[in-house]
1. What number of residues in region B:599-617 are touching a Leu at 6+ places or on another chain (Cβ under 9 Å) and surrounded by 24 or more Cβ atoms within 10 Å (Cβ to Cβ)?
2. Does B:Thr685 satisfy the criteria of being of a type in the set (Ser, Thr, Tyr) and modelled with pLDDT under 95?
3. Working only within region B:606-632, note down all residues that are in a loop (DSSP other than H, G, I, E, B) and at the interface with chain A (Cβ under 7 Å from one of its Cβ atoms).
4. Check region B:346-366 and report whether any residue there is within 24 Å of B:Thr132 (Cα to Cα), in contact with a helix residue (DSSP H, G or I) (Cβ under 8 Å, 6 or more places away or on another chain) and surrounded by fewer than 16 Cβ atoms within 10 Å (Cβ to Cβ).
5. What single numbered condition from (1) surrounded by fewer than 23 Cβ atoms within 10 Å (Cβ to Cβ); (2) aliphatic (A, V, I, L, M); (3) closer than 27 Å to B:Glu81 by Cβ; (4) in contact with a Gly (Cβ under 9 Å, 6 or more places away or on another chain) fails to hold for B:Leu180?
6. Quick one: is A:Asp623 in contact with a Leu (Cβ under 9 Å, 6 or more places away or on another chain), crowded, with 23+ Cβ neighbours inside 10 Å and closer than 30 Å to A:Pro423 by Cα?
7. Quick test for you: out of B:Thr107, B:Thr132, B:Thr145, pick the one residue that is hydroxyl-bearing (Ser, Thr, Tyr) and touching a strand residue (DSSP E or B) at 6+ places or on another chain (Cβ under 9 Å).
Number of protein chains: 2
Amino acid sequence: MLVHKRSKAPTSSWNRRPALLSHISCQLESFLRALTMVNETQHTCSASSSSRSDGGSSSGSESSKDNSRCSTPVLDADRHERLREKMRRRQDAGDKWFSLEFFPPRTANAAVNLISRFDRMGAGGPLFIDVTWHPAGDPGSDKETSSMIIANTAVNYCGLETILHMTCCNQTKDDITGHLQKAKRLGLKNIMALRGDPSGEEWEEEVEGFNYAVDLVKHIRNEFDDYFDICVAGYPKGHPEAESYEADLRHLKEKVFAGADFIITQLFFRPETFLKFMKDCQAIGITCPIIPGIFPIQGYHSLRQLVKLSKLEVPQEIKDVIEPIKDNDAAIRSYGVELAVSMCRELLDSGMVHGLHFYTLNREVATTEVLKRLGIWKEDPRRPLPWAVSAHPKRRVEDVRPIFWASRPKSYIYRTQEWDDFPNGRWGNSSSPAFGELKDYYLFYLKSKSPREELLKMWGEELTGEESVFEVFTCYITGEPNRNGYKVTCMPWNDDPLATETNLLKDQLEKVNRRGILTINSQPNINGKPSTDPIVGWGPSGGYVFQKAYLEFFTSSEIVTALLKVLKKYELRVNYHIVNVKGQNITNAPDLQPNAVTWGIFPGREIIQPTVVDPVSFLSWKDEAFALWIEQWAKLYEEESPSRMIIQYIHDNYYLVNLVDNDFPLENCLWQVVEDTFELLNSPTQQ
Amino acid sequence: MLVHKRSKAPTSSWNRRPALLSHISCQLESFLRALTMVNETQHTCSASSSSRSDGGSSSGSESSKDNSRCSTPVLDADRHERLREKMRRRQDAGDKWFSLEFFPPRTANAAVNLISRFDRMGAGGPLFIDVTWHPAGDPGSDKETSSMIIANTAVNYCGLETILHMTCCNQTKDDITGHLQKAKRLGLKNIMALRGDPSGEEWEEEVEGFNYAVDLVKHIRNEFDDYFDICVAGYPKGHPEAESYEADLRHLKEKVFAGADFIITQLFFRPETFLKFMKDCQAIGITCPIIPGIFPIQGYHSLRQLVKLSKLEVPQEIKDVIEPIKDNDAAIRSYGVELAVSMCRELLDSGMVHGLHFYTLNREVATTEVLKRLGIWKEDPRRPLPWAVSAHPKRRVEDVRPIFWASRPKSYIYRTQEWDDFPNGRWGNSSSPAFGELKDYYLFYLKSKSPREELLKMWGEELTGEESVFEVFTCYITGEPNRNGYKVTCMPWNDDPLATETNLLKDQLEKVNRRGILTINSQPNINGKPSTDPIVGWGPSGGYVFQKAYLEFFTSSEIVTALLKVLKKYELRVNYHIVNVKGQNITNAPDLQPNAVTWGIFPGREIIQPTVVDPVSFLSWKDEAFALWIEQWAKLYEEESPSRMIIQYIHDNYYLVNLVDNDFPLENCLWQVVEDTFELLNSPTQQ
């Protein structure tokens, strides 16, 4: 592993270097909110990392005691590289990439939406996102809306490589160190070092203080050595407050030589502006990556405000086009997209640009369109594992999880955040420490995104019995409207509509839910499909993926009694765990061992088994699954109301059941198990 | 886990209790050698351990921090149980079992034969074997023929549950403690505590010394707590030197109450002798298992000598039969087998006997026949893993090995004996420490069993070129005699004839060996055969086993050059490692990761991947594989002789190649790779 070494540049002082984006943001926070776009992504798996030198050819016949074998299967090199290495690798491979900037939301509700948007998106596969720093908004606090917490969420819960902006102007060394320590603790690995705006009109340089971004860069390197990747801002037209374009270039060089790893530029309107800037940078010895900041014009007023704040001048040819259509937002956006695409093409074609950074103005459509037209939006993202990987460095070895949280991965991440070790290779290797409690903070992130009124429409204003509950489950599965004409698009255990994979089982699921087998999780059996399969595939190409059929549901004790009789017939073939809210637990799992239900075989690697049914963690999941009946459903109704009592009854009396069909090469027998159960219940001797 | 607790019995003294077998052995070592049979076995996998209580049903909803999850897949409960637990489990399950006693050999050559016999046998599946203690033969030393080292070999190299006998008479406390410490260090877990014979005629009890077996039992419990399982000897007719049958029973009770776990009896001639003894034991409160010692009569003289030594009386009805046929060994043995079978049946039918201990007289045939006729010789042993598991307690988690030592498992065990951790679940999890050096001791155990003359006949008195070497390899594969009419039944890399599994590839192997692809290891691809498959199956039933095709061979640099060109076409599908004796290494393995080439999917468990192709350990294997050319083959010839120089040339210039076809569901492409290579070599442009 190369250690990134830097030559130390002499500490020179130079005046008036306000940092790019925070400069704007501090003056007009509300505007900047529009400057930055919420975006979502997930790790994509580049097919192979065969370019890594240590795998090539080695000589020497001794095996050494301290042989540093990578201790994980490393399905995707991405998970193990720092941002600057990813950038370098992409550049070496000739891959073009993009990144997206956004700002923290103003309300807790907006934060929930932001996070849910993170999940919906990500299909595009940005190399990273960045989160701006709002000195006015208590950016380092634990508020749900702080820059720090939003970046934390992006990294840990959404698996996004994230850069946290940080400004230093008017802050004490201790404050800054505190912020950085906290960022490190949360698993953030990248900082965009900015000056920020002086707070008064008559700003005076502080002796020994943090006056410029370069001071922050030096401070980070002094205090945290090489831990963080550092990004700094570049100004293609020179900073408006700089003495000259040349002086500004020298300031930039100083920041880079103080330890910055790459540069993101302020927006600009003509590709030649950036290309000249880049050549000028190279001419004075700046060799790190320089990423152009792209601003797709999306409206007349936002452009005018931006221009005023950034002191940039809009070229006459652009003004000529938009002035006549200034009241036609659609036309302006369409023009903006056109302009951005053409500019990006020119940049990419120059051969000097490998990545594009988008100021998305908080709007999805324009940026997505630009990226799609450029062909760098990933249409078919490859999954490195069947579940979304968290980007926390501590979790990078994690490659096994219990299946139970499949629809609630954020809850799993939250509840395992205190773990020191994550299971790697096998769940059994982890000592499986306790799962964290269900707390308010957790509930904030994981609570249903729909308001109460909407939930009542979906799940029933008034329940008349257990059958009304069966109906809700059935409507969720089928996608048909309920008796009041509303579609059930989420359930307490599933925030999102049915997964594509679950759709494979739709008909059978509908049938059993109607009869009171209230399914909350399932997967079909898969006997060696290519790892590139669009629905069930994951991992590098050239591999084969497998699954054992899985079915998890709530059901009544009457059905459980019959089910247990039926399961005797399927002993060895079907493993089961059956538990009620009190923790009474019936299982035929051998020795509390986990059962691998999803695995993959890949060229040149050990077997990856990312999903298991684990008897021990099932008891933690049970608490959560039962709690959701009350927290999310029963509490929609008045206390003592019949509807509430029905849900309470189910919570108190139903069992949570999971079934695994171990014979993955044969036809899934779990539907037959359920069929046999109902047959037994309906047989005359049983009546 | 139950802790085995004992009530302490008062220390009473009682005279003259010479221990059973060592009593005999010390007086007439040469005879006793015939009393004990060399036998071999390996762990067999009883289908499932579902009877274990902790997997049944548990309640309680908290997951606990110190949750003691078993950290291995536990394919076979056998590997994790102590002997007394295995005995108990077998008894609870109603399984009948047997065990076999043998004595250490007298010469190093006999030791090699003994060990190779260990490997050939084991199909029968004894619960344990025991090794007698020979005070006259320096039994605790490091000599290859000592009791200690033979027991060590049985446990570590042959994977046999083993009881080491130990006597205490005329030994100091320090000596005894030293022996026990050494036994523990070597991984021995079971001791048969015996008095041994006093050395002089006029033996006097030593004050504070070890006078009786009970003293040794107490000493073991005092010094080693519950570490060892302890066995003691019982005398169905009473010990010849005991005051009375009743007094002897009381002595036995004392040994048990001092901490013995079970009893093995002296031989006897009538089943009622044992059944009465057993009832008498129970009547005075002895509740531990009592295992009858069975002595199949195999010859007139051995019986007479035994009777003289043990002071047992042969019943008249037996004498009446054998006296008339005393010179007809075959007839006597036939009668002895008949008698033993009938006695064993009666014992087993009594319902009081669950296991039988055989004094095999060092002869295989009689005991095996008795066991087969009783139906307790395992005809089709199930393999817990595709390779034989070592019985050392430190290695019990081991469930992954590199494929390279597949034909030399003892070498692998020897060279990894210093490892503190064994890979469990994934090879990548082990830090893969250095492999031990190839030393003399190692060579003793692993050297070819055939004498030089025989090897020369097989491998050629005189080699005329590389082609003569190709011929030897080809004859080994085909089983056809070589040009001098001798069959090649072993090779330096393979002590045994071709494995059944390799036979599946015979035709292709023959073809490529003729052309100079000198194969030393291979396996076919398997796409989900039942784990009960007689040829490639392993692990518990109800599972599926898989393999990637593997081929390993020596070949010339010309062929390697062509092969590398051909392999470009198979990139991603075929992984390769190509190395010469100097360690020049060419591979396309990603990041030095291991490639799992054998794995199994079982009901209710995580995936087991017991065999990997590991790039790092391949370099250690390379040293061994190349060294065998010189140590075992070249050195058969005179220095400077042409034959020797041919082998030396191959050693110096050939490459060791391994190939894995990752596409296990498709037809093995490795033969096509070789075919393409020869085609390329023969193409006109190549000439």
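The values are calculated or read from the model by the stated rules, or taken from the named source; none is laboratory data. Note that the structure is predicted; figures quoted are calculated from it, not measured. Cβ atoms come from the backbone with ideal geometry, glycine included; neighbour counts cover every protein chain shown.
1. As a first pass, look at region B:599-617 and keep what is touching a Leu at 6+ places or on another chain (Cβ under 9 Å): B:600, B:602-605, B:608, B:610-611, B:614-616.
In the following step, the residues that additionally are surrounded by 24 or more Cβ atoms within 10 Å (Cβ to Cβ) were identified as B:600, B:602-605, B:608, B:610-611, B:614-615.
Residues meeting the conditions: 10.
2. Judged against the criteria, B:Thr685 is a match.
3. Those that are in a loop (DSSP other than H, G, I, E, B) and at the interface with chain A (Cβ under 7 Å from one of its Cβ atoms): B:Glu606, B:Ile607.
4. Within region B:346-366 (the criterion being within 24 Å of B:Thr132 (Cα to Cα), in contact with a helix residue (DSSP H, G or I) (Cβ under 8 Å, 6 or more places away or on another chain) and surrounded by fewer than 16 Cβ atoms within 10 Å (Cβ to Cβ)), the answer is yes, since at least one residue qualifies.
5. The one condition B:Leu180 does not meet is (4).
6. Judged against the criteria, A:Asp623 is not a match.
7. The unique qualifying residue is B:Thr132.
Let's see how each residue does on (1) within 14 Å of chain A (Cβ to nearest Cβ); (2) at negative phi; (3) free of Cβ contacts under 8 Å to residues at least 60 places away in the same chain; (4) surrounded by fewer than 18 Cβ atoms within 10 Å (Cβ to Cβ):
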| site | (1), (2), (3), (4) |
| --- | --- |
| B:Ser643 | no, yes, no, no |
| B:Tyr649 | no, yes, no, yes |
| B:Leu656 | yes, yes, no, no |
| B:Leu659 | yes, yes, no, no |
| B:Phe664 | yes, yes, no, no |
| B:Cys669 | yes, yes, no, no |
| B:Gln672 | no, yes, yes, yes |
| B:Glu679 | no, yes, yes, yes |
| B:Asn682 | no, yes, yes, yes |
